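See below for the structure under consideration.
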Amino acid sequence: MRNTKQARKRLSELEHLVMQFLWNAGPSSAEQVRAGLSQRHPMKDATVRTILRRLEEKGYATHREEGRTYIYSGVERAENVAVRAIRQIADRFWGGSVTALVAGLVEQEEIDPRELKELARRLQQKQERKGKTNE
């Protein structure tokens with residue numbers, strides 16, 4: 001297994017929903033989270049506060065105080081959390097091989113050849129940029 005960092009506990013579906021809200025809306029109070037998610041997933045105020053506290057305990061969110069109100073925000077960007085989750089999947093199911101993971105997705109037709117070509121193009125561009133910075 002490649003990943004040497006301590007893995008964070010996974011997000012439940014509801015925790016992920018709250019994190020998506022924080023990533024999209026930016027720093028928010030518990031009331032703003034509750035109101036913002038009320039159409040999609042109505043929650044009581046105590047439930048929102050519990051979820052936010054759990055997100056802090058897991059290391060996904062943090063808060064600052066504005067008077068008597070806690071303002072919550074994500075600790076890192078959604079993309080970083082997503083990449084770490086994919087890395088954990090690669091570690092768990094493919095012995096850390098992202099190549100094997102992607103090959104499995106291609107074989108199961110979860111990634112079509114056009115997407116794979118686009119990924120190859122992006123990798124080539126990145127390599128070219130990297131080569132220019134090393135000159």
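Quick look at the values:
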{"quantity": "Residues Met43, Met19 arranged by fewest to most Cβ contacts within 10 Å", "calculated": "Met43, Met19"}
{"quantity": "Degrees separating the helix 13-25 axis from the principal Cα axis of the chain, which is the longest one", "calculated": "90"}
{"quantity": "Relative contact order for the range 12-135, counting Cα pairs under 8 Å that sit 6 or more residues apart, in percent", "calculated": "19"}
{"quantity": "Extreme residue, positive dipole direction of the chain, given options Val81, Phe21, Gly59 (C-beta unit charges)", "calculated": "Gly59"}
{"quantity": "The chain: calculated mean residue ellipticity at 222 nm from DSSP helix runs of at least 4, using -39500 (n - 2.57)", "calculated": "-20000 deg cm²/dmol"}
{"quantity": "Residues Phe93, Phe21, sorted so that the one with the fewest Cβ neighbours within 10 Å comes first", "calculated": "Phe93, Phe21"}
{"quantity": "GNM result for the chain, Cα springs below 10 Å: residue of Lys117, Lys44, Lys58 fluctuating most strongly", "calculated": "Lys117"}
{"quantity": "Magnitude of the charge dipole, the chain, Cβ model with Lys/Arg +1 and Asp/Glu -1, debye to 20", "calculated": "360"}
{"quantity": "Built amide H within the under 5 Å cut-off of Ala61, gap 5+", "calculated": "Glu56, Val75"}
{"quantity": "Of Leu116, Leu14, Leu37, the one that fluctuates the most in a GNM where the chain has Cα springs shorter than 10 Å", "calculated": "Leu116"}
{"quantity": "The range 115-129 - phi-based ³J(HN,Hα) in whole Hz, Karplus 6.51/-1.76/1.60, Gly and Pro as x", "calculated": "5, 5, 5, 5, 4, 4, 4, 5, 5, 4, 4, 5, 5, 5, 5"}
{"quantity": "Of Gly67, Gly95, Gly104, the one that fluctuates the most in a GNM where the chain has Cα springs shorter than 10 Å", "calculated": "Gly67"}
{"quantity": "Options [x] 17.1, 62; [y] 19.1, 58; [z] 15.5, 48 - which one matches Rg and Dmax of the Cα atoms in Å as calculated here", "calculated": "[y]"}
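Each reported figure results from applying straightforward, stated rules to the coordinates on display, with no laboratory input. Keep in mind that this is a model prediction, so the values were computed, not measured. So basically every Cβ, Gly included, is an ideal-geometry build from the backbone, and we count neighbours across all protein chains shown.
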